[in-house]
Amino acid sequence: MESANQTASVTEFILLGLSAHLKLEKTFFVLILLTYLLILLGNGVLVLVTVSDSRLHTPMYFFLGNLSFLDICYTTSSVPLILDSFLTPRKTISFSGCAVQMFLSFAMGATECVLLGMMAFDRYVAICNPLRYPMVMSKAAYVPMAAGSWAAGSAASMVQTSLAMRLPFCGDNVINHFTCEILAVLKLACADISINVISMGVTNVIFLGVPVLFILVSYIFILTTILRIPSAEGRKKAFSTCSAHLTVVVVFYGTILFMYGKPKSKDPLGADKQDLADKLISLFYGVLTPMLNPIIYSLRNKDVKAAVRNLVSEKHFTW
């Protein structure tokens with residue numbers, strides 16, 4: 001009962017953001033706003049063409065459409081809050097609003113981890129078992145795979161958010177971050193967070209370790225198969241179908257693993273520089289990666305380019 005009363009007494013959190021680095025705020029505001037607009041434009045176009053163009057109604061582009069929609073949701077759950085924090089001297093967010101924002105961000109991140117693993121499986125079947133591809137990656141298979149990714153990410157986020165927001169917060173309500181990032185919130189709890197740390201560790205293994213291992217094994221088989229192709233042109237064509245996904249995997253998982261690989265319950269000595277680094281890393285995977293995804297997948301993809309040209313020529317856009 002005492003813990004519940006202490007938790008209820010915290011009605012809002014203060015987001016510190018870059019308030020200790022005021023000279024950076026205006027620069028970051030412009031950069032992040034432009035990046036966010038590019039994210040909405042690039043990923044919005046990919047979602048539109050994968051839905052409207054029948055030539056892109058394949059498992060690979062279905063997953064790509066899901067990834068683009070997910071990136072829009074992920075950035076929208078946090079970027080407006082980040083932009084507002086650059087303009088407001090004292091940015092506050094309600095307790096319930098913090099919980100919602102934390103849930104959405106964590107859910108989208110966890111879902112993308114699983115979805116990238118599903119996309120690796122799609123590429124594995126396409127290259128290593130091309131004759132069985134239509135049967136293995138039928139609509140009855142790839143739609144539940146994508147839906148399962150969303151469900152798994154949402155379930156994991158619900159567990160982590162519930163555990164975090166049930167902790168007692170006894171006074172310090174200043175979150176040293178742009179948003180209600182879960183590790184930053186846990187540092188404010190005035191209770192033992194060992195259960196949260198263990199739970200985060202298990203979640204990291206499931207949503208980071210397992211997909212990374214799955215992707216690694218898939219690409220070992222893919223690389224082995226590609227090297228067996230007799231013609232250089234055939235090897236180049238086969239690898240080009242995987243290069244975009246592999247690039248996204250390296251950028252996304254590399255940054256996430258660095259950020260969340262070792263959850264900490266206590267601030268280390270001299271944590272100011274580390275906190276700033278964590279914030280900038282968070283911005284990197286939360287803003288730049290979703291911007292790069294449509295660029296990586298579309299610049300070298302003739303099918304997507306053709307679909308975009310067709311969409312524009314048929315005047316599907318209304319200005």
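The values are calculated or read from the model by the stated rules, or taken from the named source; none is laboratory data. In this text, all values refer to a predicted model and were calculated from it rather than measured experimentally. FYI the Cβ positions are ideal-geometry reconstructions off the backbone, even for glycines, and counts take in every protein chain you see. We work out accessible area using only protein heavy atoms, side chains counted, and drop any ligands, DNA or RNA first. Shrake-Rupley method; radii C 1.70, N 1.55, O 1.52, S 1.80 Å.
Structure data summary
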read-out: Estimated FRET transfer efficiency (ILE198, SER243; beta-carbon r; R0 35 Å; 0.05); value: 0.40
read-out: Net charge of Cβ neighbours under 15 Å - reference THR224; Lys, Arg +1; Asp, Glu -1; value: +3
read-out: The range 111-232 - accessible surface per residue (Å², probe 1.4 Å); value: 45 Å²
read-out: Charge dipole magnitude, Cβ of K and R +1, D and E -1 - the range 119-213, Cα centre, debye nearest 20; value: 380 debye
read-out: Using θ = phi - 60° and Karplus 6.51 cos²θ - 1.76 cosθ + 1.60, couplings along the range 91-108 (whole Hz; Gly, Pro as x); value: 8, 10, 9, 5, 4, 5, x, 4, 5, 5, 5, 4, 4, 5, 5, 5, 4, 5
read-out: Placed amide H near ILE175: partners under 5 Å, 5+ positions off or other chain; value: ILE14, LEU15, LEU16
read-out: In order through the range 235-243: 3J(HN,Hα) via Karplus (6.51 cos²θ - 1.76 cosθ + 1.60), integer Hz, x for Gly, Pro; value: 5, 5, 5, 5, 5, 5, 6, 10, 4
read-out: Exceeding the 31 Å Cα-Cα cut-off - candidates LYS23/LYS302; LYS26/LYS187; LYS279/LYS302; LYS236/LYS279; LYS139/LYS305; value: LYS23/LYS302; LYS279/LYS302; LYS236/LYS279
read-out: Solvent-accessible area, 1.4 Å probe, carbon plus sulfur percent, for the range 122-269; value: 70 percent
